[in-house]
Amino acid sequence: MKIDVLVAEIGSTTTLVNAFDRVHTDKPVFWGQGLAPTSVKDGDVRIGLKAAIDDLCRRKGVESIEYGEMLATSSAAGGLKMTVHGLVYDMTAKAAKEAALGAGAIIHQVTAGRLRRSDLQKIKEINPNLIMIAGGVDYGERDTAIYNAEMIRSLDLNIPVIYAGNVENQEEMRLIFEDTKTPLYIVENVYPKIDELNVEPARRVIQDAFEEHIVQAPGMKDVKDLVNGPIIPTPGAVMECAKLLYERIGDLIILDVGGATTDLHSVTVGSEEISRIMVSPEPVAKRTVEGDLGVYVNVKNIVNLIGEDKIKEELEIDIEAIMDSYKPVPETEDEIKFVERLAKEAVLKATERHAGRIRYVYGPSGRSTLAEGKDLSQIKYIIGTGGALTRLPNRVDIMKAIAKHNETGLLLFPTEEAEILVDNDYIMASLGVLSKRYLNAALYFLERSLRIKL
């Protein structure tokens with residue numbers, strides 16, 4: 001059997017393959033999907049990839065498939081690890097962090113000001129895939145970013161560096177990393193003026209650098225040799241989908257409850273009323289990743305957040321027995337109920353951490369009202385993707401719980417008017433990477449998976 005495009009999603013716990021045909025036509029075909037455990041622990045992600053392709057063939061009743069192109073997303077082996085180094089935390093460091101998260105990175109370190117010896121030691125211990133240096137508005141402070149670049153150069157790590165700071169330092173950066181084995185990417189300043197974010201150029205460069213240099217999981221180098229199209233971080237691919245949808249249906253959030261993390265992507269400007277009292281700018285497209293809210297890898301942490309006794313009381317199940325034989329994919333009725341409760345907690349906590357809030361400040365002239373963080377009050381659509389929110393029976397009710405969680409009224413949460421959509425075919429990440437080659441086909445498949453007209 002011959003198909004046009006095979007997209008591989010090599011995740012932390014599972015590897016998914018989606019097969020697409022007739023992508024050059026007005027009626028493209030989503031041919032099928034295969035799934036298998038990711039095989040990082042076996043020393044080679046190709047084992048899981050082959051198993052997922054075999055599963056696809058079994059489901060479709062064919063012995064083998066051929067494909068014209070293979071594209072890929074990856075979050076295996078910890079995904080895209082980055083460290084970010086800026087000048088002032090609430091300004092350039094935060095802007096650089098937003099750019100990195102939006103590109104699909106996992107941030108392991110954020111520093112503000114001059115790097116200390118302990119900071120440098122931590123960079124070596126993290127051994128990131130990419131390092132980002134920012135700092136200073138354009139034509140403003142220069143010395144901190146230059147100092148940090150020289151310190152990072154002294155580590156001699158052979159890790160790509162992205163500079164996204166004061167435009168006046170660009171030539172200096174080229175000189176600092178000249179004649180080194182460090183690949184250097186120079187991009188527009190992420191914080192060019194006070195209260196102005198410019199994160200999209202850095203996001204694009206981060207994904208380009210990931211594709212060019214970053215093949216860390218065992219066997220990924222060989223997977224890259226198989227791929228004749230883009231490889232991008234899986235969360236970055238979901239963000240690509242989020243931005244595509246925003247252009248067509250308006251303000252939205254996408255929730256992805258996974259085995260290792262829970263990601264939340266929002267694309268919204270927010271309300272004019274809230275923007276007038278906002279203490280600092282937020283990007284239109286924002287992603288947060290909660291590394292303690294995975295429903296498989298971090299099951300014990302979520303159980304502790306809820307409380308074991310509370311789960312027993314609510315669900316009337318034997319938690320100890322379930323956790324003793326806990327699997328990535330629930331099978332029994334009790335296992336499904338248990339994972340649904342974990343997923344609900346992950347959704348609520350992730351949204352609470354992502355959303356902004358109202359706070360009151362008291363001064364000589366009385367009480368002032370301020371807002372900080374991301375305003376989600378204008379969200380029209382709440383979209384679920386990932387294994388949990390596309391496959392669990394009560395996935396819609398889990399997402400509906402978000403609007404009811406704002407008991408104090410101080411959280412900038414979506415309202416009950418937000419419509420719930422589900423990525424029924426579990427293909428948003430694949431479509432994010434597919435859209436880079438076949439935009440019309442990606443939009444066609446999005447319509448059908450979400451059951452909505454774009």
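Considering only the stretch 303-315, I want to know if a residue exists there that is within 15 Å of Leu392 (Cβ to Cβ) and surrounded by fewer than 21 Cβ atoms within 10 Å (Cβ to Cβ).
yes
Of all residues being of a type in the set (Ser, Thr, Tyr) and under 16 Å from Leu389 (Cβ atoms) in the stretch 222-261, which is surrounded by the most Cβ atoms within 10 Å (Cβ to Cβ)? Just the residue, please.
Thr234
Quick check: anything in the stretch 364-380 touching a residue at least 24 places away in the same chain (Cβ under 8 Å), closer than 24 Å to Lys337 by Cα and not charged (D, E, K, R)?
No, the stretch 364-380 contains no residue that is touching a residue at least 24 places away in the same chain (Cβ under 8 Å), closer than 24 Å to Lys337 by Cα and not charged (D, E, K, R).
State all residues of the stretch 67-101 that are within 13 Å of Val17 (Cα to Cα) and either outside any strand (DSSP E or B) or modelled with pLDDT of 90 or more (or both); if no residue qualifies, say none.
Within the stretch 67-101, Tyr67, Glu69, Met70, Leu71 qualify.
Can you pull out every residue in the stretch 9-39 that is surrounded by 22 or more Cβ atoms within 10 Å (Cβ to Cβ), closer than 21 Å to Ala260 by Cβ and of a type in the set (A, V, I, L, M, F, W, C)?
Ile10, Leu16, Val17
Under 6 Å between Cβ atoms, at least 6 apart or on separate chains: pull out the pairs that start in the stretch 232-249 with a residue that is part of a helix (DSSP H, G or I) and end on any residue that is hydroxyl-bearing (Ser, Thr, Tyr) and surrounded by 24 or more Cβ atoms within 10 Å (Cβ to Cβ).
Filtered contacts from the stretch 232-249: Thr234/Thr73; Thr234/Ser75; Ala237/Thr73.
Which of (1) over 25 Å from Val279 (Cβ atoms); (2) at pLDDT 95 or above; (3) not in a loop (DSSP other than H, G, I, E, B) does Ile106 not meet, given it meets every other one?
Result: Ile106 fails condition (2) only.
Residues are listed down the side, and each one gets a yes or a no for (1) free of Cβ contacts under 8 Å to residues at least 60 places away in the same chain; (2) surrounded by fewer than 23 Cβ atoms within 10 Å (Cβ to Cβ):
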{"residue": "Val7", "(1), (2)": "no, no"}
{"residue": "Arg59", "(1), (2)": "yes, yes"}
{"residue": "Val62", "(1), (2)": "no, yes"}
{"residue": "Glu66", "(1), (2)": "no, yes"}
{"residue": "Met70", "(1), (2)": "no, yes"}
{"residue": "Thr73", "(1), (2)": "no, no"}
{"residue": "Met91", "(1), (2)": "no, yes"}
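Where residues in the stretch 93-113 are touching a residue at least 40 places away in the same chain (Cβ under 8 Å) and charged (D, E, K, R), which of them is surrounded by the fewest Cβ atoms within 10 Å (Cβ to Cβ)?
Applying the filter and picking the extreme gives Lys94.
Got a number for residues in the stretch 256-297 being in contact with a His (Cβ under 8 Å, 6 or more places away or on another chain) and aliphatic (A, V, I, L, M)?
Total satisfying the criteria: 2.
The values are calculated or read from the model by the stated rules, or taken from the named source; none is laboratory data. Remember, it's a predicted structure, so these values are computed and weren't measured experimentally. Note that we place each Cβ from the backbone using ideal geometry, even for glycine, and neighbour counts take in every protein chain shown.
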